[in-house]
1. Quick check on chain B: helices-only [θ] at 222 nm, where DSSP H runs of length 4 and up contribute -39,500 (n - 2.57) each and the sum goes over total residues. Nearest 500, please.
2. So if I place +1 on the C-beta of Lys and Arg and -1 on the C-beta of Asp and Glu, and nothing else carries charge, what would the dipole magnitude of chain B be about its Cα centre? I want it in debye, nearest 20.
3. Which whole number gives the average, over all residues in B:165-176, of C-beta atoms from other chains lying within 10 Å of the residue C-beta?
4. From the square roots a ≥ b ≥ c of the eigenvalues of the alpha-carbon gyration tensor of region B:147-192, which class results: rounded (a/c under 1.5), prolate (a/b over b/c), or oblate?
5. May I ask you to derive the relative contact order of region B:232-365, considering only C-alpha pairs under 8 Å and at least 6 residues apart, and to give it as an integer percent?
6. Can you tally the net charge around residue B:26? Count Lys and Arg as +1, Asp and Glu as -1, for every other residue whose Cβ sits under 13 Å from the Cβ of residue B:26.
7. If I stretch the segment between residue B:386 and residue B:5 completely, what's the gain in nm (0.36 nm per residue apart, minus their alpha carbon distance), one decimal?
8. Between rounded, prolate and oblate, where does region B:205-272 land on the alpha carbon gyration tensor, with a ≥ b ≥ c its root eigenvalues, rounded for a/c under 1.5, else prolate if a/b exceeds b/c?
Amino acid sequence: MNEKNATFEENMQRLEQIVRAMERGDVALDESLKLFQEGTDLVHKCGKLLDEAQLQIEKVVKGTDGNPTFEEFQDENG
Amino acid sequence: MEQQVLSITQVNEYIRTRLDADPLLGSIAVRGEISNYKMYPSGHHYFTLKDEGGALKCVMFKGSAVRLRFRPENGMKVIAWGKISVFPRDGAYQLYCSAMSVDGVGDLHAAFEQLKAKLAGEGLFDPAHKKPLPKYPGVIGIITSSAGAAVHDMLRILRKRYPLTKVRLFPVRVQGVEAPPEIVGAIRYANRYKLADLLIVGRGGGSIEDLWAFNDERVARAIYDSEIPVISAVGHEPDVTISDYVADLRAATPSNAAELAVVDQDALRQILDGYSASMATTLARQIKSGRQHLKAISESPALRSPTGYLEQRRQNILLLKNRLVSAQMQGVERKRRSYVALTAKLDAMSPLKVLTRGYAMAQKKDGTVLRSVSQVDIADEIAITVGDGQVSAMVTNVKEKQL
C-alpha cells in the first residue's frame with residue numbers, strides 16, 4: 001500500500017488515541033505534557049502530508065505471468 | 001375424374017408451402033400468455049401461447065433463446081415474433097419464435113425485477129453483509145472504462161479532496177456482451193492480489209441498455225463476493241442497478257462515488273485543528289487545576305508560616321497539658337473527698353466508737369483481747385479499755401457462765 005498514506009492513517013489513529021486519552025483526563029500531568037507534545041507533532045506531520053500530497057495514478061495491467069504490473073496513467077486533469 | 005390420393009408427407013408439405021407463402025404468417029407478432037413452458041437440454045424452448053379463445057404452440061430454438069433478456073415464465077404476458085409454419089411430424093402448425101418481449105413493461109424491466117427478487121431472496125442485498133468503508137483508503141481501485149468521462153471526473157475529485165490516496169485503474173468495457181465478464185474479472189483480480197483498500201465500480205450515464213452490464217447477475221455476485229468494500233457508481237442519480245443494491249455503498253454518480261470514498265482534505269484540516277484545540281484546552285485545564293491544587297497546598301498554615309504554625313501547635317500542647325493537669329487535680333480532689341467519706345464511715349464502725357457507748361474491752365498483758373474465762377487465771381493483770389482511757393485491774397474471780 002501507499003507508504004506515505006499508511007503513515008497518514010497511522011498518524012491519525014495515534015492522534016485520535018492521544019486526544020481521547022487527554023480528554024478522559026485520567027493521565028498525570030507530566031504524561032499529559034508528553035502526549036500534548038506528541039499530538040502536536042502529529043498534527044503538524046499530518047498537515048504537512050496533506051500539503052505535500054499528490055494523487056498517484058496507475059493503470060493495472062495483467063502481466064504475462066498473471067501477476068499485476070502497473071503502468072503510468074496520464075489523465076487530462078493531471 | 002379420379003381423385004388424387006396423397007401421402008401424409010405430401011399433405012403436410014403442401015400445407016407448409018401454402019403457409020410459408022403467406023406474407024402475414026411469414027412475419028408475425030403474437031400477443032398471448034405463456035403456458036406449459038419447457039426448456040430442453042438441447043437449448044430449445046417449447047411453450048404454448050394462449051388467450052381466452054385459443055392456444056398456439058410455439059418453439060424457440062437455442063440460437064434465439066440465448067438472446068432473451070428475461071426468463072420466460074408461465075402466466076407471463078408476452079409478445080412473440082416469428083413465423084407460423086408446419087411441424088410435419090405432428091401435422092401441426094406452430095409459431096417458430098425468433099424473439100420475445102414482455103408485454104406492457106419492457107423485457108429489460110422484467111428481467112431487472114426478476115433478478116432483483118431472486119438475489120434479494122438469496123440475501124445478496126442484506127445490510128448485515130455490507131462492509132464498512134475504510135476511513136482513509138490508501139489505494140482506491142477504479143473499475144470502469146478508461147475512455148469515458150467518468151474516470152476523469154473521479155480522478156479530478158479525488159485529487160482535489162484527498163490527494164494522499166493512490167488510484168489504481170482497472171480499465172474494462174462497461175457495455176456490450178464483453179462488459180460483464182471484464183467487470184467480474186477486474187473485481188476478482190483486485191481481490192486476489194489485494195490491489196486496493198476500496199473499489200469503485202461503475203460508469204457514466206447512458207440508456208438502460210448501456211447500463212445493462214451492471215444489472216448482470218455475474219457482476220452482482222462478484223460484488224457480493226468481493227472482500228474489498230465496493231462503491232457502485234452507475235449512471236445518473238435516478239438510475240438504479242442491481243449492482244447498486246449489492247454494493248456496500250451506492251453512489252448516485254461516479255463523481256459522487258469519489259466524494260463518498262474519501263474525507264475532504266479541508267474537513268481533515270478542520271479535524272486536525274479541532275484536535276490541536278482540544279489538546280491545548282485539556283492540557284490548559286489540567287495545568288490550571290494543578291496550579292489550584294498547588295496554591296491550596298502552599299496556602300496551608302504549615303507552609304505559609306512554619307514558626308507561627310509551630311507556635312500554635314506548642315500552645316495547643318500547653319493547653320492540652322493544662323487540661324491534663326487540671327483533670328488530674330480534679331481526680332485527686334474527688335478521691336480525697338471519697339476518702340473522707342469512707343473515713344467517717346469507718347470511724348462510725350470503729351470499736352473505739354463502741355467503747356464510747358459504754359462497752360469495755362479487756363486485754364491480757366500481751367494485748368490479747370479477752371473472749372473467754374479460760375484465758376485468764378486469778379491474780380492475772382489485765383487492761384480494760386473504756387471510752388476515754390485504760391484501767392489496770394487484777395482478776396479476783398473467774399466464773400464460767402452456766403449454759
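1. On the way: 13 runs with 174 residues, N = 403.
Taking each H run of at least 4 residues, the total per residue is -14000 deg cm²/dmol.
2. Numbers: 54 positive and 42 negative charges, 659 e Å.
Once rounded to the nearest 20, the dipole reads 3160 debye.
3. 4
4. oblate
5. With pairs under 8 Å counted, the relative contact order is 10 percent.
6. Around residue B:26, the charge tally is +1.
7. Working it through step by step, the gained length comes to 118.1 nm.
8. On the way: a/c = 4.00, a/b = 1.71, b/c = 2.34.
It is oblate, given that a/c is not under 1.5 and a/b is not larger than b/c.
The numbers here are math on the coordinates, done by the rules we state, and not lab data. Since the structure is predicted, the reported quantities are computational estimates derived from the model, not experimental observations. We place every Cβ from the backbone using ideal geometry, glycine too, and count neighbours over all the protein chains shown.
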